[in-house]
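Shown next, in structure tokens, is the structure this report addresses.
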Amino acid sequence: MSAPDARWVRDLVYEAFAAEGRAPSVGELARRTQSTAGDVLGVLRDLAEAHALVLTPDGDAVRMAHPFTSAPMAFVVTPVDGHDDRRWWGGCAWDSFGIGAALHLDVRIDTACPQCGTHLSFPTGPEIPPPAELAVRFPRPAEQWWDDVVGTCTMIRMFCDRAHAGRWTADNAPGSGHITDATTVWRLAQPWYGDRLDPGFRPHSREHNQALLEECGLTGPFWRLP
């Protein structure tokens with residue numbers, strides 16, 4: 001019995017997230033690929049090393065497969081279509097937009113402004129931008145995102161507006177991060193994640209992703225990928 005193909009395992013992880021809002025277990029992946037749990041763990045670690053997904057701290061389960069996450073991270077994403085009962089955790093503001101983009105689905109995002117605690121709930125999707133007044137704060141420069149990717153995602157939060165984002169930053173992390181409007185982040189999410197579930201998906205190159213950032217007006221040292 002040989003180790004399963006990495007692309008097969010990767011696709012099964014995304015299939016479970018898309019269909020059921022959860023990460024498949026190592027045992028499930030072993031059964032689906034007719035391999036052993038040890039072989040699957042080895043493949044998952046290789047995928048994590050390639051930044052194709054993120055494992056839990058113990059390295060024995062899938063924590064994130066962007067834009068999906070297996071644990072709550074301040075965002076709940078639901079289909080606008082009330083007959084579709086799937087539910088997802090959004091890893092951050094960007095990933096929450098990315099779920100709609102990856103699924104080609106109109107969704108409702110629910111979260112709260114970290115500054116004032118106001119419940120934020122709005123529909124969005126591939127053709128539906130978020131409310132213009134909303135703002136998103138990125139906690140650290142792009143070259144540092146993967147130093148602690150879960151920590152980075154945890155702090156890419158949505159605010160009522162730029163004023164609240166600025167006030168929160170002044171009180172909690174003065175002089176750090178970058179604040180932009182949510183519409184810009186929504187625009188970025190569409191091409192960044194829109195092909196993530198495609199059968200012919202291939203990982204984007206650094207140059208491709210840098211161009212996507214620049215096309216959204218996200219330029220300068222803060223947005224320079226490693």
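When Gly220 is tested against (1) of a type outside the set (A, V, I, L, M); (2) farther than 24 Å from Met64 by Cβ; (3) touching a residue at least 40 places away in the same chain (Cβ under 8 Å), exactly one condition is not met: (3).
Do we have any residue at all in the range 118-127 that's modelled with pLDDT of 95 or more, in contact with a helix residue (DSSP H, G or I) (Cβ under 8 Å, 6 or more places away or on another chain), farther than 30 Å from Glu207 by Cα and hydroxyl-bearing (Ser, Thr, Tyr)? Walk me through how you get there before you give the answer.
Kept after step one, since they are modelled with pLDDT of 95 or more, are these residues of the range 118-127: 118-127.
Checking the rest, the ones that are also in contact with a helix residue (DSSP H, G or I) (Cβ under 8 Å, 6 or more places away or on another chain) come to 124-126.
Now narrow it down to the ones that are farther than 30 Å from Glu207 by Cα: none.
For the range 118-127, residues modelled with pLDDT of 95 or more, in contact with a helix residue (DSSP H, G or I) (Cβ under 8 Å, 6 or more places away or on another chain), farther than 30 Å from Glu207 by Cα and hydroxyl-bearing (Ser, Thr, Tyr): absent.
Residue check: Glu20 meets all listed conditions (1) exposed (fewer than 15 other Cβ atoms within 10 Å of the Cβ); (2) over 13 Å from Ser70 (Cβ atoms) but one, namely (2). In the range 153-187, the residue that is surrounded by the most Cβ atoms within 10 Å (Cβ to Cβ) out of those that are touching a residue at least 60 places away in the same chain (Cβ under 8 Å) and among the β-branched types (Val, Ile, Thr) is Val185.
Scanning the range 192-201 for residues that are over 12 Å from Ala52 (Cα atoms) and charged (D, E, K, R), we see that the one that is surrounded by the fewest Cβ atoms within 10 Å (Cβ to Cβ) is Asp198.
The rows are residues; the columns are (1) touching a Cys at 6+ places or on another chain (Cβ under 6 Å); (2) within 23 Å of Cys216 (Cβ to Cβ); (3) of a type in the set (S, T, N, Q).
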| site | (1), (2), (3) |
| --- | --- |
| Arg10 | no, no, no |
| Ser25 | no, no, yes |
| Ala30 | no, no, no |
| Ala37 | no, no, no |
| Leu47 | no, no, no |
| Asp84 | no, no, no |
| Gly100 | no, yes, no |
| Val107 | no, yes, no |
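Yes/no matrix, rows are residues, columns are (1) touching a residue at least 12 places away in the same chain (Cβ under 8 Å); (2) within 22 Å of Arg157 (Cβ to Cβ):
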site: Ala37; (1), (2): no, no
site: Asp60; (1), (2): yes, no
site: His66; (1), (2): yes, yes
site: Ser70; (1), (2): yes, yes
site: Phe75; (1), (2): yes, yes
site: Arg87; (1), (2): yes, yes
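The residues of the range 25-69 that are among the hydroxyl-bearing types (Ser, Thr, Tyr) and under 21 Å from Asp147 (Cβ atoms), listed by number, are Thr56, Thr69.
Is the range 112-122 home to any residue that is within 20 Å of Arg187 (Cα to Cα), of a type outside the set (Ser, Thr, Tyr) and in contact with a strand residue (DSSP E or B) (Cβ under 9 Å, 6 or more places away or on another chain)? Quick ask: steps written out before the conclusion?
Let us first name the residues in the range 112-122 that are within 20 Å of Arg187 (Cα to Cα), namely 120-122.
In the following step, the residues that additionally are of a type outside the set (Ser, Thr, Tyr) were identified as 120, 122.
Those left that are additionally in contact with a strand residue (DSSP E or B) (Cβ under 9 Å, 6 or more places away or on another chain): 120, 122.
Scanning the range 112-122, I find at least one residue that is within 20 Å of Arg187 (Cα to Cα), of a type outside the set (Ser, Thr, Tyr) and in contact with a strand residue (DSSP E or B) (Cβ under 9 Å, 6 or more places away or on another chain), so the answer is yes.
Considering the range 202-216, the residues that are more than 15 Å from Pro141 (Cα to Cα) and touching a Lys or Arg at 6+ places or on another chain (Cβ under 9 Å) include one that is surrounded by the most Cβ atoms within 10 Å (Cβ to Cβ), namely Cys216.
If only residues of the range 109-120 that are part of a loop (DSSP other than H, G, I, E, B) and in contact (Cβ under 8 Å) with a residue 24 or more places away in the chain are counted, the one that is farthest from Arg162 (Cα to Cα) is Thr118. Elements of the type helices (runs of 4 or more DSSP H) sitting completely within the range 26-108 and holding at least 3 residues that are in contact with a Phe, Trp or Tyr (Cβ under 7 Å, 6 or more places away or on another chain) and either at pLDDT 95 or above or open to solvent by less than 30 Å² (accessible area, probe 1.4 Å) (or both): these cover 93-103.
With the condition being not aliphatic (A, V, I, L, M), I'd like the strands (runs of 3 or more DSSP E) fully within the range 134-203 carrying at least 3 qualifying residues.
Values: elements: 135-138, 157-159, 178-181.
Result: 178-181.
The values are calculated or read from the model by the stated rules, or taken from the named source; none is laboratory data. For clarity, every value in this text was computed on a predicted model and none was experimentally measured. In this analysis, Cβ positions are derived from the backbone assuming ideal geometry, glycine residues included, and neighbour counts consider all displayed protein chains. We work out accessible area using only protein heavy atoms, side chains counted, and drop any ligands, DNA or RNA first. Shrake-Rupley method; radii C 1.70, N 1.55, O 1.52, S 1.80 Å.
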